[in-house]
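The values are calculated or read from the model by the stated rules, or taken from the named source; none is laboratory data. The model shown is predicted, which means the values in this text are computed figures rather than measured ones. Backbone-built Cβ (ideal geometry, glycine too); neighbour counts: all protein chains shown.
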Amino acid sequence: MTTDMKQHANTNEPHDRVRIFDTTLRDGEQSPGAAMNLEQKLEVAALLDEMGVDIIEAGFPIASNGDFEAVNEISRRTKNAIVCGLARAGFKDIDRAGEALRPARRGRIHTFLSTSPVHMKHKLQMEPSAVLEAISASVARARQHTDDVEWSAEDATRTVPDFLCKAVELAIKAGATTINIPDTVGYATPQEYFELMKMLHERVPGAEKVIFSTHCHNDLGLAVANSLAGVLGGARQIECTINGIGERAGNAAVEEIVMALRVRKDRMPFTTGVKTEMIARASKLVSNVTGFPVQYNKAIVGKNAFAHESGIHQDGMLKNVETYEIMRPEDVGVKETALVLGKLSGRHAFRDKLQTLGYELGDNALQDAFRRFKDLADKKKHIFDGDIVAIVDDSVMRDHETIQVESLKVISGKGLKPSAELTLSVDGEMRACLATGDGPVDAIFNAIHQLYPHEAALQLFQVSAVTEGTDAQAEVSVRLEENGRTVTGRGADTDTMVAAAYAYVTALNKLLEKRLKTAPEALSVAQ
Ligand code: KIV
Ligand code: ZN
């Protein structure tokens, strides 16, 4: 593969500039259990905007009132990035997206239709000629709302090449300014995807007027490699998500794409506008709001990505960091975990520390986080940055929840029947009970069930430590499933049982929110 230097596009940006199109809030949020509420979406969008991504795909406005509201509010607030809303080819979808994006400084409608034989026949049940007509009509309709229209050929990598060329040509003729070539099922290989991108540039009339985009899923673990191969083949936009979250095995990960382009500039001479020092913060935020833990050995943002355990490696690192490190931790915003504050530290030092960690809290949130910090300092000798991040993320998240844990007392041990005495506040009303279970966690979850009866089934219970040491805070993730919908909740505390209760209750709150916000039509349009 060589760099294709013939790319022209409808942009004044330098030829080597690759646009980062972040779809964490759309394709990322579609992964089972990753649902975010409005406030969380706004927080993620604000961080992405500050971080310098070029386009934020904020949601799928027709899917639910919640999605519409999120796209609409993100459109209103975003200062730099283009805000994008997804729409199927129907006019109702497109008009709803156009309406949601109306307040945006720069708004984009992203409309898509499947082009592969298997999708056209079985999913759409449409003849190829009808698909071509729908492409022209849908793009033209989107252009009535905005000049910035992206068209995607869903399942492009399994589409007959001649048909794909025709579809792309029609989309360009109808006014699309960005053409996306999704590897929807994560089937392509890098060489194949490179050749596909190159072929489209060479064969499609009008290709020089638009920007081509990659959108690669990770079913074979090739999403990042395929995206980069697409850029070498002429694409100048990459669609990706923070931490690689997304449908099934996920999407290409923003952090891996951006750092690969930065570290291997010698082989891939392209630039992005992303402030890489904000990567760790973005990763942590997305992990917190979705409840999806980041795998320890995940490239760039995993806990071990910059850790050196073996004696040989440590020895090499002490002599020269370049022996085992190809990028500096601070380039992705990873600071060495420092011993920071203790129980004598005051509010001022705490606020300063929060600022260096990138948090600006209002008075009430600061008060609450400070109180939790003091409680933690009473229990735990060494407070690390990770502890503070966990405290803040936890209190910010729990602040507005309908169901809250007020108190918990657990009794368990060898020869004892585990029991949990729990008080919840539900919409301000105090409810208390005593429940037993097969183990202490089971007793807590039974108590929650008694106080707030529900049908949700527990799918996952996972515990990890925020920092090192036996006094470390426990971080618990809980996944619940109800009527085919899954949500994940996360909780942190020095007491693993309290963290478990927080996590379960957070997941319940998410289900509650989903129930309230999901419009009936949402289920039928989920991709
Ligand atoms: O994977 C895919 O094909 C998509 C499209 C909607 C762009 O997410
Ligand atoms: Zn996708």
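Restricting attention to segment 157-186, the residues that are out of contact with any helix residue (DSSP H, G or I) (no Cβ under 6 Å at 6 or more places or on another chain) and either modelled with pLDDT under 95 or within 16 Å of ligand 2 (Cβ to nearest atom) (or both) add up to 8. Take the conditions surrounded by fewer than 18 Cβ atoms within 10 Å (Cβ to Cβ) and under 29 Å from the mean Cα position of the chain (by Cα) and apply them to Lys123. Does it pass? So Lys123 fits the description; yes.
Candidates Glu195, Glu202: the one that is away from ligand 2 (no atom under 16 Å from the Cβ) and within 29 Å of Thr146 (Cα to Cα) is Glu202. Are any of the residues in segment 18-40 modelled with pLDDT of 95 or more, surrounded by fewer than 23 Cβ atoms within 10 Å (Cβ to Cβ) and within 16 Å of ligand 1 (Cβ to nearest atom)? Yes, some residue in segment 18-40 is modelled with pLDDT of 95 or more, surrounded by fewer than 23 Cβ atoms within 10 Å (Cβ to Cβ) and within 16 Å of ligand 1 (Cβ to nearest atom).
Taking the stated definitions as given, is Ser138 modelled with pLDDT of 95 or more, away from ligand 2 (no atom under 16 Å from the Cβ), surrounded by fewer than 21 Cβ atoms within 10 Å (Cβ to Cβ) and more than 16 Å from Glu208 (Cα to Cα)? I'd like the intermediate steps shown before the answer.
Numbers: modelled with pLDDT of 95 or more: yes; away from ligand 2 (no atom under 16 Å from the Cβ): yes; surrounded by fewer than 21 Cβ atoms within 10 Å (Cβ to Cβ): no; more than 16 Å from Glu208 (Cα to Cα): yes.
So Ser138 does not fit the description; no.
Exactly one residue out of Ala63, Ala81, Ala87 is surrounded by 22 or more Cβ atoms within 10 Å (Cβ to Cβ) and more than 15 Å from ligand 1 (Cβ to nearest atom), and it is Ala81. Against the numbered list (1) in contact (Cβ under 8 Å) with a residue 60 or more places away in the chain; (2) more than 21 Å from Met120 (Cβ to Cβ), Asn180 comes up short only at (2). With respect to the stated conditions, Asp93 is among the charged types (D, E, K, R) and out of contact with any helix residue (DSSP H, G or I) (no Cβ under 7 Å at 6 or more places or on another chain). When Leu460, Leu508 are screened for being out of contact with any Pro (no Cβ under 9 Å at 6 or more places or on another chain), closer than 22 Å to Gln30 by Cα, buried (at least 23 other Cβ atoms within 10 Å of the Cβ) and not basic (Lys, Arg), only Leu508 passes.
Restricting attention to segment 169-198, the residues that are in a loop (DSSP other than H, G, I, E, B), away from ligand 1 (no atom under 11 Å from the Cβ) and closer than 17 Å to Leu86 by Cα add up to 3.
Screening Cys216 with (1) under 22 Å from Gly52 (Cα atoms); (2) away from ligand 2 (no atom under 15 Å from the Cβ); (3) surrounded by 24 or more Cβ atoms within 10 Å (Cβ to Cβ); (4) not aliphatic (A, V, I, L, M) gives one miss only, at (2).
Given the conditions (1) of a type in the set (Gly, Ala, Ser); (2) within 14 Å of ligand 1 (Cβ to nearest atom); (3) farther than 19 Å from Arg19 by Cα; (4) in a loop (DSSP other than H, G, I, E, B), which single one is not true for Gly221? It is condition (2) that Gly221 fails. Here the condition is being of a type in the set (Lys, Arg), surrounded by 13 or more Cβ atoms within 10 Å (Cβ to Cβ) and within 30 Å of Ala299 (Cα to Cα); of Lys380, Lys343, Lys335, Lys353, it holds for Lys353 alone. Of the residues examined, Glu309 is one that is over 26 Å from Glu360 (Cβ atoms), modelled with pLDDT under 80 and exposed (fewer than 12 other Cβ atoms within 10 Å of the Cβ). For beta carbons closer than 6 Å, sequence separation of 6+ or different chains, a first residue in segment 17-36 that is acidic (Asp, Glu) and a second that is within 13 Å of ligand 2 (Cβ to nearest atom) and part of a loop (DSSP other than H, G, I, E, B), the qualifying pairs are Asp27/Gly246. The C-beta contact set for segment 238-257 (first residue under 14 Å from Pro182 (Cα atoms) and free of Cβ contacts under 8 Å to residues at least 12 places away in the same chain, second residue within 10 Å of ligand 2 (Cβ to nearest atom) and in a helix (DSSP H, G or I), distance under 7 angstrom, 6+ apart or interchain) is empty. Of the strands (runs of 3 or more DSSP E) lying entirely inside segment 437-527, none contains at least 2 residues that are basic (Lys, Arg), more than 16 Å from ligand 2 (Cβ to nearest atom) and at pLDDT 90 or above.
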